[in-house]
Amino acid sequence: MNTLLILSYLIGSVTFVVGLKMLSHPDTARKGNLVAAFGMLVAILATIFLFGHHGDDYFTKLIWIFGGIAVGTIAGWITAKRVEMTKMPELVCLFNGMGGACAALIGLMEYGANIGNTMSLATIVAGIIIGSISFSGSIVAFLKLNGTMNKPIRLPYYNIVNSIVMVGVAAISIWVVMTSQPASMAYALFALAVVYGLLFVFPIGGADMPVVISLLNSFTGLAAAFGGFLYDNQVMLTGGILVGSAGTILTLAMCRAMNRPLSNVIFGAFGGGASGPAQDIEGSIKDISIYDTAVLCNYANKVTIVPGYGLAVAQAQHIIHELEKTLEANGVEVKYAIHPVAGRMPGHMNVLLAESNVAYEKLVEMDDINPEFSNTDVVIVVGANDVVNPAAKNDPASPIFGMPILDVEQAKHIIVNKRSMNAGYAGIDNHLFYNPKTSMLFGDAKDVLTKLVAELKAM
């Protein structure tokens, strides 16, 4: 490997690390993406022009390579430009699945050339398995987020079938590596791993999607890292390790935020773990008008907004920023309470609100905002459900019991904006809605907030 190629890979690796660091803060996240993308461009061009020996068909290969790059670039650009922010989780799943598929295809392509080399075969087989699981699992996650699969799918004798497939994948892998089986067995292993990826995600409920997305992302990174080992490619190895480790850390953080072990997420969906009768909910639902909501907010000293996925669905992120500015112009202190698993992917609410230019310092994480609710005059919950449900604290029979929530019930007044009384991901009633301090403001979030802003400006 020549010096210039090594230097290019070093530049790529450094930019990946720097870019990842910059992604940790919304103010630098955009630049971080560009820095990492530049590093990837350097690595790609260096690999094309500096790696290996150039044969007589080099020009033909370049045509195919740049043709593929052009098609992928155009498709990715158009997709990313057209996708709505509400559909970003689905896009992340889809792109992640394509990354897993690429890692698996690399293994299938290289298998035949490495028959007899136990170490290389082990690396290839690991990449095929992990990449295939990430691919098929991400596709199922995409369908769940897209609404095509609305409910968890539990096949008859699921645990038995899942265990058989998992053991089969492990056994065939060992057999293939140790005995150097022909390439046909690699394809059989690929197919079996794809099936396992489907079985892996089928039973997982929508509430657990933030965890699943980050876990599958770590799988893709790990599969890419095995490709880096195979090719002795430092930048591929660095990128894969960074994605894999970051995804793993994020997965564990999401599990802690939900007070659920990873095994519970993988082997059981929300809604299936409750034991014993659920607590009866006392109280009644009471409505509130937009005018009365405006009066409450206008005369408050402190208002906290709790965004949820309903905000994203309604595409109301810009109008809620307008609400914030209107209240602040009237001397009201406004903050946003962000639950770690609000939305459908990690950091979904942060990204959504950053798009509407909400200042980062106004986005307060759960642990920091919870002590402030008792001194909050009005809490406005927009499209959130399970993350504010007190059943997580006081109903041991609830499937979300033990999950850390936003303590909005401690505020003086609570206003909940929802389209209807439909349950959230967990499929259970929300005790908060029956709280004497809670008033329901029904309607589409964008429409309701627009009218609320207009009412406030008229006062």
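The values are calculated or read from the model by the stated rules, or taken from the named source; none is laboratory data. This one's a predicted model, so the numbers in the text were calculated from it and none came from an experiment. Because the Cβ atoms are built from the backbone with ideal geometry, glycine has one as well, and the counts that use them run over all protein chains shown.
Annotations for the structure displayed:
- Enumeration of residues in segment 301-327 that are farther than 21 Å from residue 388 by Cα and touching a strand residue (DSSP E or B) at 6+ places or on another chain (Cβ under 6 Å): 327
- Among the candidates 137, 116, the residue that is part of a helix (DSSP H, G or I) and over 15 Å from residue 225 (Cα atoms) is uniquely 137.
- Selection count where residues are surrounded by fewer than 18 Cβ atoms within 10 Å (Cβ to Cβ), polar (S, T, N, Q) and touching a helix residue (DSSP H, G or I) at 6+ places or on another chain (Cβ under 7 Å), scope segment 365-419: 2
- Residues that are of a type in the set (A, V, I, L, M) and either under 18 Å from residue 373 (Cα atoms) or not assigned by TED's automatic domain parsing to the domain that holds residue 344 (or both) within segment 415-455 comprise 415, 416, 432, listed in sequence order.
- A search for C-beta distances below 6 Å between a residue of segment 106-130 that is in the same structural domain as residue 189 (by TED's automatic domain parsing) and any residue that is part of a loop (DSSP other than H, G, I, E, B) and not basic (Lys, Arg), counting only pairs 6+ apart in sequence or on different chains, returns 115/180; 116/180.
- For segment 402-423, filtering for residues that are hydrophobic (A, V, I, L, M, F, W, C), modelled with pLDDT of 80 or more and within 24 Å of the chain's Cα centre (by Cα) leaves 3.
- Of 108, 145, all but one fail to be out of contact with any Asp or Glu (no Cβ under 9 Å at 6 or more places or on another chain) and of a type outside the set (Asp, Glu); the exception is 108.
- Enumeration of residues in segment 9-19 that are touching a residue at least 24 places away in the same chain (Cβ under 8 Å) and surrounded by 18 or more Cβ atoms within 10 Å (Cβ to Cβ): 9, 12, 13, 15, 16
- Subset of segment 48-98 (residues that are among the charged types (D, E, K, R) and outside any helix (DSSP H, G or I)): 56, 57, 84
- Criterion violated by residue 291 - all others in (1) assigned to a loop (DSSP other than H, G, I, E, B); (2) at pLDDT 90 or above; (3) of a type outside the set (Asp, Glu); (4) surrounded by fewer than 18 Cβ atoms within 10 Å (Cβ to Cβ) satisfied: (1)
- Checked against (1) surrounded by fewer than 17 Cβ atoms within 10 Å (Cβ to Cβ); (2) not in a helix (DSSP H, G or I), residue 109 meets all criteria but (2).
- Going through (1) closer than 16 Å to residue 99 by Cα; (2) at pLDDT below 90; (3) among the polar types (S, T, N, Q) one by one, residue 238 falls short only on (2).
- Residues of segment 344-362 satisfying the condition of being surrounded by 20 or more Cβ atoms within 10 Å (Cβ to Cβ) and either touching a strand residue (DSSP E or B) at 6+ places or on another chain (Cβ under 8 Å) or farther than 20 Å from residue 258 by Cα (or both): 349, 350, 352, 353, 358
- The set of residues in segment 20-30 being exposed (fewer than 14 other Cβ atoms within 10 Å of the Cβ) and without any contact (Cβ under 8 Å) to a residue 60 or more places away in the chain consists of 21, 24, 30.
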